[in-house]
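What follows is one structure encoded as structure tokens, with my remarks underneath.
Throughout, read-outs are computed from the coordinates displayed, never taken from laboratory work. Everything numeric in this text was worked out from a predicted model, so none of it was measured. A quick note on method: Cβ atoms are made from the backbone with ideal geometry, for glycine too, and the neighbour counts reach across all protein chains shown.
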Amino acid sequence: MTDWVVDLIEQSGYLGIAFLMFLETVFPPIPSEVIMSIAGIEAGQGQLALGWVIAAGTTGAMLGNTFWYLLARALGIERFKPLIDRFGHWFTMDWYEVQRAQRWFDNNGVFFVFLGRMLPTVRSLVSIPAGFLKMRLQTFLIASTIGTAGWTAMLAYAGFKLGEEFEQIDDYLGPISTAIIVVLALAYVWRLITIGIKKRNRNGQSDD
């Protein structure tokens, strides 16, 4: 798989980088850590310019990010209300939680999108809640582009500096990705336990 990435970047340059990052965002066959690190190595060897490598990677990723945002926005969270009403416990949310999340997103969405774009695992999912909860397109694009550019720049620069030792990048990012997955899993279990209690409390208050 790595050889294929190397060949495509060597043959197609910046266009190949953009295409791979778009592909990784829409349907992740290979991680961005590999794509941008290899692109950074090419820049370090003088085959490409580091600035254009970062720009190409950011552009490709943003095309994919925008695709998911527009798809989620077109579907709309309201379309899933019957599903949430019926299976909300397993989604760890009910319609009240959805409305509260929308209010929270109105105030904190920019930070959520910006930070999420720079976190392994989470970065690929950020566009969906932003679209579902109808974050303004302009705000989404600005926050998402800044975060995505930061992520691609970090990976490209690491490849640029480390050269053929780019596998070392995974030594750092691998445990972070694993830790994030563990935290998300624990958060899901905690939400699963507590949502029923919160719902009963709200129902009890409304009965009063």
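A few notes on this one:
- Entry note, region 1-72: relative contact order of 39 percent, from Cα contacts under 8 Å with a spacing of 6+ residues.
- The label point for Phe27 and the one for Trp4, both projected 7 Å from the Cα toward the Cβ, are 1.1 nm apart.
- Contour excess over end-to-end distance, with Cα ends at Gln138 and Gln99 and 0.36 nm allotted per residue: 11.8 nm
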